DNA sequence: CAGAATACCTGCGGGC
DNA sequence: TGCCCGCAGGTATTCT
């Protein structure tokens, strides 16, 4: 469900509810997420104050007085603020209660998400320490992308979705950014020109910022922490528009499989400028 | 080492 | 109506 803009939207919505709030109770109904939820989670969290929320890629960090809760929403995860009186629904796996009428509820049908406690620096956690740079940071430049892509033959779409290169870009925004930058998704990363790298980086930043501004993208069922959908959906140019006319040249958009992910693009606007893979 | 395949899950829509 | 198939916003791990 969530890529970087959706996680950012969720985090911004949670901040006023969670920061400086004391955790009073924790209920774990299902501990089989991507990794088992620690049986000690409640002991770690109860009577802890949430000091600060932050985000690294698609990971959400809740910094407590004595450690950090690392959360990931996987493909189908949701985090919502609800009233304590709301009965748990199917796939409501974890509840975190506060002193007021609110609780933080984690729901995840596919259970690809994760809830991990660490008492140490979360950025040194093995899941976070090897992540690539943040796409919205000033360090993410065309020059960085060009250097990273040196001698890499993977398709550029797979490359920008590689969280160890740049983190937070998923299937939706990768497709959209490549369309904006007019780059064919299968172009081998290493053969992009410097100009193309600069254009792609600008496209990625633009699309992520616009999506955050719109509260994220709702394809099927994304909702933010207050239960509202994202409004960037109506601005998608290629994702979910297979067979429909290209918004620039009117040609029908093409779908292809790339790295096990479906990819939509315009074969005319996203021209092959160099040799493709296979 | 890079790149590709696999694994983890449930839900939904389409075709028959 | 019901069953089977393929697909879905992610990514660590295993393989070649």
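The values are calculated or read from the model by the stated rules, or taken from the named source; none is laboratory data. In this text the structure is predicted, and so the values were computed from the model without any measurement. Neighbour counts are summed over all protein chains in view; Cβ atoms, including those assigned to glycine, are modelled from backbone coordinates with ideal geometry.
Data table
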{"item": "Residue identified as touching a residue at least 12 places away in the same chain (Cβ under 8 Å), over 19 Å from residue A:47 (Cβ atoms) and surrounded by fewer than 17 Cβ atoms within 10 Å (Cβ to Cβ) among A:105, A:110", "result": "A:110"}
{"item": "Among (1) surrounded by 15 or more Cβ atoms within 10 Å (Cβ to Cβ); (2) modelled with pLDDT under 95; (3) not in a loop (DSSP other than H, G, I, E, B) - the single one residue A:224 does not satisfy", "result": "(3)"}
{"item": "Number of positions in the range A:1-27 that are within 16 Å of DNA strand B (Cβ to nearest atom) and touching a helix residue (DSSP H, G or I) at 6+ places or on another chain (Cβ under 9 Å)", "result": "1"}
{"item": "Some residue of the range A:43-51 being more than 30 Å from residue A:176 (Cβ to Cβ), free of Cβ contacts under 8 Å to residues at least 12 places away in the same chain and either more than 16 Å from DNA strand B (Cβ to nearest atom) or assigned to a strand (DSSP E or B) (or both)", "result": "yes"}
{"item": "Out of A:158, A:137, A:130, sole residue that is over 24 Å from residue A:40 (Cα atoms), in a loop (DSSP other than H, G, I, E, B) and within 12 Å of DNA strand B (Cβ to nearest atom)", "result": "A:130"}
{"item": "Filter pass, residue A:155 being more than 12 Å from DNA strand C (Cβ to nearest atom) and in contact with a strand residue (DSSP E or B) (Cβ under 9 Å, 6 or more places away or on another chain)", "result": "yes"}
{"item": "Of residues in the range A:47-58 being closer than 22 Å to residue A:5 by Cβ and touching a helix residue (DSSP H, G or I) at 6+ places or on another chain (Cβ under 8 Å), the one surrounded by the most Cβ atoms within 10 Å (Cβ to Cβ)", "result": "A:58"}
